[in-house]
Amino acid sequence: MKKTILLFCGCAFSMASAQDHFSGINTSQRVGVLNANINPAELADLRSKYETQLFAISANVANNKVGFSDLNSDADFEDLIFNGNKPVNFRADTEIHGPAFAFRVNKWAFMVGLKAYAKMDMVDVDPNLGDAVSSGNSQSQMLTTIINNDFNQRITGTSWGELGLSVARNLYETDVHKINGGLTIKLLFPGSYANFGANQFSGTILTGAGSSILTDANADLNVSYSGNLGETFDDFSDYTSSIFGGLNGVALDFGANYQWKDVDNVHYKIKAGFALRNMGSMTFSDANNASTNYVLNIAPTEQLNLEVFEDADGLADAEDILLDSGYLNKNEKDNIDFKVKTPAVFSAYADFKVVPKLYVTLYTKQKLNDSSANDQIATQNVFSVTPRFTINNFELWSTWSDNEISGLAGGLGLRFYGFFIGSGSAITALANDSKQADVFLGYSFGLR
């Protein structure tokens, strides 16, 4: 499926300038709405009695094959991403935060806010299969490639909206120590979804003379789509035009944090916390919904010319082509409505005072579900270290992270009063060796 694969590569680079969203600012000492994204217990530490976030946006892209220096070559991007034998992993996603409002009342704190998400992922895609589907071969001599995978490879896209309702409370406090707990209930509004999964794929690809032929092939396929992404997904507007569907899902965040207070009783020597986030699912329901499991079976004496997928705009077209070929057997009936799990993660962090105005933050995010599962929105594991210089109205930090997909990344960020801007990969991107890029900015303000 030429367009099915290439759209994720092309759209991702056109939409984003990944690591975790809002790296550095989400552990800022000026506690605000973004801090509650990684732990709702942070709301109990709001510096202002009232906090308003006008907007925040973050766009990330990461892969395990192509660095910035590679993009300076004359090779096409699909040739770079599908080079070698290592499975391709690719993530591109955007978070758009709308207005949010938080406030404190004695030991309690509350927040309400809107968010929108658009995500595109390639999970463990076989590069030989991807190359054969995405481009023909101009060699005159026929080449034979045998594929035998024992994993599920996916190409998937998702868009959805969210209304978050948060509550936090101070549970224990002395002149030295403080402990908070918090909970966020997320009301989910699924928009569009598309998933193509090929589990236990085996087959032989014959390439040459401008064509790619698949023969002697077997796989368990999942084809699911809902909303705009079933018809076409080669434009970012396919995601943004239908982000907010009807209310059809719930997810939970809950966590706790601890402070060892400093002598001024405003700052701290250590602050640490943990949270379980995105524990839930949403159900996609649309007039063009489909979620079907198939068995692909192409005998050694039969052949499927992969060029037939050249004009496929989306999964519905690709599904029709495969059905017309006669090589698909339906293993499970179509589901009009289907459920997709949100990207559940465990996150933990600790912020240490080194000297006055200089702090170092350690942060980790670990996924709790299998990204290769067809009913799961994918995410990645992250560990980061962030040294920061901070005074009341100004912060400057540099985040250095090790990401599951793209490896090492280093970036910069700053906050001036309520405005913030940054990137978790700006430094390594300028060095031409980074396999990820991200950028974020936003504005919020507090009232005493």
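The values are calculated or read from the model by the stated rules, or taken from the named source; none is laboratory data. Just so it is clear, the structure is predicted and the values come from calculations on it, not from any experiment. As a convention, Cβ positions derive from the backbone with ideal geometry for all residues, glycine included, and neighbour counts pool all protein chains shown. Only protein heavy atoms, including side chains, enter the accessible area calculation; ligands, DNA and RNA are left aside. Shrake-Rupley method; radii C 1.70, N 1.55, O 1.52, S 1.80 Å.
Observations, loosely collected:
- The residues packed around residue 250, meaning those with a beta-carbon under 14 Å from its beta-carbon, carry a net charge of +2 if Lys and Arg are +1 and Asp and Glu are -1.
- Rounded to whole numbers, the Karplus 3J(HN,Hα) couplings from phi for segment 356-361 are x, 6, 10, 10, 10, 10 Hz, using 6.51 cos²θ - 1.76 cosθ + 1.60 with θ = phi - 60°, and x at Gly and Pro.
- Å² of accessible area per residue within segment 261-300, as computed with a 1.4 Å probe and no ligands counted: 42 Å²
- Solvent-accessible surface ranking, highest first, for 78, 319 at 1.4 angstrom: 78, 319
- Across segment 300-394, C-alpha contacts under 8 Å between residues 6 or more apart give a mean separation that, scaled by the residue count, equals a relative contact order of 21 percent.
- Using a probe radius of 1.4 angstrom, the carbon and sulfur fraction of the accessible surface of segment 57-134 is 53%.
- By a 1.4 Å probe calculation restricted to protein chains, residue 142 has an accessible surface near 100 Å², given to the nearest 10.
- Over all directions, the projected convex hull of the C-alpha atoms in the chain averages 20.9 nm² in area.
- Relative contact order (percent, whole number), segment 357-448, Cα cutoff 8 Å, 6+ residue spacing: 19 percent
- Taking a straight line from the alpha carbon of residue 341, these aspartates and glutamates sit under 12 Å away, with near neighbours fewer than eight places off in the same chain left out: 370, 375.
- Among the listed pairs 119/271; 339/367; 330/367; 271/357; 86/330, those whose Cα-Cα separation exceeds 22 Å are 119/271; 330/367; 86/330.
- Partners for residue 186 among aspartates and glutamates (Cα-Cα distance below 12 Å; same-chain residues under 8 apart left out): 162, 253
- Over segment 246-355, the pair-distance histogram of Cα-Cα distances with 10 Å bins from zero comes to 11, 23, 19, 16, 13, 11, 6, 1 percent, rounded to whole numbers.
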